[in-house]
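**Student:** Can you read through this structure? Questions will come right after.
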Amino acid sequence: MLLNFDRLGWWKYLLLGITLLTAAFLLLPIVFIAALSFGSSQWLIFPPPGWTFQWYRELFADPRWLESALTSFKIAVIVTVLSVLLGLVTSFGLVRGSFMFRDALKALFLTPMILPVVVLAVALYAFFLRIGLGGTLTGFVISHLVLALPFSILSISSALEGFDKSIEDAAVLCGASPLEAKIRVTLPAISHGLFSAAVFSFLTSWDEVVVAIFMSSPTLQTLPVKVWATLRQDLTPVVAAASTLLILLTIILMALVAVVRKVLKQ
């Protein structure tokens, strides 16, 4: 190999140190917020003077927090289903299709990943306000779908590009219809891409705060918006508890993605 870590000499310790510092920079804020959620102080003070589960009890006892969490979950599930279905159809067209401006169309679908989220949020807010979808569940779903769809298209397109289409053609030659071949042969083969698309779509919707702030109303708020609104009013450790649960769910789902992708590829 041209680059062997064991042969780098003292450089490998420098690289290892940079890696550890980067990991600490990314992980320490998560550790701090988790520690604050168990602190006994009624304010966000670090290090905590003591330890308690009081803020988690208050979180689960407050119907407003539970309603916000349920709203986030409901929107995320709907967005996940729509994102995977639309991403699957779109990916087949982009990967299998042969037409003019295909690359331009693919770039257009990925635009929400490039645009600043606040710019997209303002545009969606102005448009939905004009057509009467501001502050509605439908408006939430559509706006989150715009953000989640690029992740589905990337994941499913990548899986489709790595799939040997001749296997699908062989199924058709053996008597299966084109649709049956896609359902019984292609879809199982790209299931890891579908699963990744579902998880990333769910997390995109579940964690989204900028667009959600513009789409929310006094009667319809997602959990990240509730966290943001509470932070502006009161620095209660209940916010730290809610944030810790958000982070925990994200970590669990990302770990699940890694495990399932490894299993499906074996």
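The values are calculated or read from the model by the stated rules, or taken from the named source; none is laboratory data. Everything numeric here is computed off the predicted structure, so don't read it as measured data. All Cβ positions, even for glycine, are placed from backbone atoms using ideal geometry, and neighbour counts span all protein chains on display. For accessibility, only protein heavy atoms count, side chains too; no ligands or nucleic acids. Shrake-Rupley method; radii C 1.70, N 1.55, O 1.52, S 1.80 Å.
**Student:** Tell me what the chain gives for mean residue ellipticity at 222 nm when only DSSP H runs of n ≥ 4 count, each as -39,500 (n - 2.57), the sum divided by the residue total, rounded to 500 deg cm²/dmol.
**Tutor:** It comes out at -24500 deg cm²/dmol, rounded to the nearest 500.
**Student:** Please label the shape of the chain as rounded, prolate or oblate, based on the square roots a ≥ b ≥ c of the eigenvalues of the alpha-carbon gyration tensor (a/c under 1.5 means rounded; beyond that, a/b larger than b/c means prolate, else oblate).
**Tutor:** oblate
**Student:** Now, a different point. Just the number, please: carbon plus sulfur as a percent of the accessible area of the range 172-231, 1.4 Å probe, no ligands or DNA/RNA counted.
**Tutor:** Summing carbon and sulfur atoms, their accessible area is 72 percent of the total for the range 172-231.
**Student:** Then there is this: Give the accessible surface of the range 101-165 per residue, rounded to a whole number of Å², with probe radius 1.4 Å and ligands, DNA and RNA excluded.
**Tutor:** Result: 53 Å² of accessible area for each residue.
**Student:** Relative contact order, percent, of the range 145-266 when contacts are C-alpha pairs under 8 Å separated by at least 6 residues?
**Tutor:** Worked out over the range 145-266, it gives 29 percent.
**Student:** Taking the chain as a Gaussian network, Cα atoms linked when under 10 Å apart, which of TRP228, TRP55, TRP11 shows the biggest mean-square fluctuation?
**Tutor:** TRP11
**Student:** Using a 1.4 Å probe on the protein heavy atoms, what percent of the accessible area of the range 1-120 belongs to carbon and sulfur?
**Tutor:** Carbon and sulfur: 75 percent of the exposed surface of the range 1-120.
**Student:** Give me the accessible area per residue for the range 188-266, probe 1.4 Å, as a whole number in Å².
**Tutor:** On a per-residue basis, the range 188-266 sits at 47 Å².
**Student:** Among THR236, SER201, GLY132, pick out the residue whose Cα is farthest towards the positive end of the charge dipole of the chain, where Lys and Arg carry +1 and Asp and Glu carry -1 on C-beta, about the Cα centre.
**Tutor:** SER201
**Student:** May I pose another question? Just how large is the dipole of the chain about the Cα centre, in debye to the nearest 20, putting +1 at every Lys and Arg Cβ and -1 at every Asp and Glu Cβ?
**Tutor:** Taking the Cα centre of the chain as origin, the dipole is about 200 debye.
**Student:** From the residues LEU66, LEU105, VAL84, which one has its Cα farthest along the dipole of the range 60-120 in the positive direction, the dipole being from +1 and -1 charges on Cβ of Lys/Arg and Asp/Glu about the Cα centre?
**Tutor:** LEU105
**Student:** With the cut-off at 1.5 for a/c, could you classify the range 157-248 from its C-alpha gyration tensor as rounded, prolate or oblate?
**Tutor:** Judged from the Cα gyration tensor, the range 157-248 comes out prolate (a/c at least 1.5, a/b above b/c).
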